[in-house]
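The values are calculated or read from the model by the stated rules, or taken from the named source; none is laboratory data. Keep in mind it's a predicted model, so treat the numbers as computed, not measured. Cβ placement follows ideal geometry from the backbone for every residue including glycine, while neighbour counts extend to all protein chains displayed.
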């Protein structure tokens with residue numbers, strides 16, 4: 001298989017994070033497509049060996065306000081139909097859920113900060129097992145969630161959000177949470193989200209920074225194992 005990873009990025013600070021060095025260790029090339037600067041409907045969207053759709057502050061069903069969503073959804077539909085490896089994080093996971101026919105909706109409250117994942121048995125039997133609450137906490141930043149798509153397997157939950165991670169077949173993996181977060185790049189998240197932090201009761205930049213310094217290193221190690229194992233599985237499956 002070719003080893004090109006295409007990362008669809010909505011805001012610059014929400015990048016591949018801990019996934020990028022894992023790709024580098026396995027000799028994958030990385031190309032970013034920055035939404036709003038490049039065409040999402042570029043030729044052969046199913047072409048890259050791996051496509052990762054990253055997070056962002058827009059709603060996954062807000063097509064009228066953000067027309068870039070339509071070609072992105074079309075691209076995801078083509079990739080998934082073609083059986084091409086696809087990973088979604090936060091907004092990316094919501095878009096994958098929508099493509100698979102699930103409803104995306106408000107979670108009823110915002111989940112911002114650190115709390116551990118509770119894994120299902122399927123999660124414990126998958127590469128996501130490294131992210132279990134016995135090994136690491138998890139970083140969250142979302143106000144929307146989604147129903148579990150038909151045919152998908154739930155891998156992880158929190159008390160606030162039942163569908164934190166799911167797999168659909170062997171080629172699609174989606175995280176509502178942020179296993180890719182890196183502590184040494186977290187200040188950009190705080191600056192980029194300053195307005196939301198300032199207008200969300202109970203959320204404080206100082207606390208988020210301190211918690212990320214405390215929990216970030218363990219998550220980085222666990223995410224390295226998860227991403228590495230999943231990449232190795234899709235590489236083996238696709239030759």
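Please find, within segment 30-46, the residue that is modelled with the lowest pLDDT out of those that are farther than 28 Å from residue 105 by Cβ and within 19 Å of the chain's Cα centre (by Cα).
Selected residue: 46.
Identify the single condition in (1) surrounded by 19 or more Cβ atoms within 10 Å (Cβ to Cβ); (2) modelled with pLDDT of 95 or more; (3) in contact with a helix residue (DSSP H, G or I) (Cβ under 9 Å, 6 or more places away or on another chain) that residue 104 does not satisfy, given that it satisfies every other one.
Failed condition: (1).
Give me the residue from segment 123-143 that is within 15 Å of the chain's Cα centre (by Cα) and crowded, with 19+ Cβ neighbours inside 10 Å and, out of that set, nearest to residue 222 (Cα to Cα).
Within segment 123-143, the match that is nearest to residue 222 (Cα to Cα) is 131.
Filter segment 47-71 for residues that are under 13 Å from the mean Cα position of the chain (by Cα) and not in a loop (DSSP other than H, G, I, E, B); which is surrounded by the fewest Cβ atoms within 10 Å (Cβ to Cβ)?
Out of the qualifying residues, it is 51.
From the list 151, 123, which one is assigned to a helix (DSSP H, G or I), over 30 Å from residue 202 (Cα atoms) and touching a residue at least 24 places away in the same chain (Cβ under 8 Å)?
123
Identify, please: which residue in segment 129-148 is in contact (Cβ under 8 Å) with a residue 40 or more places away in the chain and in a loop (DSSP other than H, G, I, E, B) and is, among those, nearest to residue 188 (Cα to Cα)?
Here the answer is 137.
For residue 83, only one of the following conditions fails: (1) in contact with a strand residue (DSSP E or B) (Cβ under 8 Å, 6 or more places away or on another chain); (2) touching a residue at least 60 places away in the same chain (Cβ under 8 Å); (3) assigned to a loop (DSSP other than H, G, I, E, B). What is its number?
Exception for residue 83: condition (1).
What's the total number of residues in segment 202-213 that are free of Cβ contacts under 8 Å to residues at least 60 places away in the same chain and closer than 26 Å to residue 130 by Cβ?
So the count comes out to 3.
Spot the failing condition for residue 87; the list is (1) crowded, with 17+ Cβ neighbours inside 10 Å; (2) modelled with pLDDT under 95; (3) within 19 Å of residue 150 (Cα to Cα), and only one is missed.
In the conditions (1) crowded, with 17+ Cβ neighbours inside 10 Å; (2) modelled with pLDDT under 95; (3) within 19 Å of residue 150 (Cα to Cα), residue 87 misses (2) alone.
When the residues of segment 156-190 are narrowed to those that are in contact with a helix residue (DSSP H, G or I) (Cβ under 9 Å, 6 or more places away or on another chain) and assigned to a helix (DSSP H, G or I), which ends up surrounded by the most Cβ atoms within 10 Å (Cβ to Cβ)?
Here the answer is 189.
Exactly one of (1) at pLDDT 95 or above; (2) surrounded by fewer than 18 Cβ atoms within 10 Å (Cβ to Cβ) is unmet by residue 78. Its number?
(1)
This table checks each residue for (1) within 30 Å of residue 47 (Cβ to Cβ); (2) in a helix (DSSP H, G or I).
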{"site": "196", "(1), (2)": "no, yes"}
{"site": "202", "(1), (2)": "no, no"}
{"site": "217", "(1), (2)": "no, yes"}
{"site": "223", "(1), (2)": "yes, yes"}
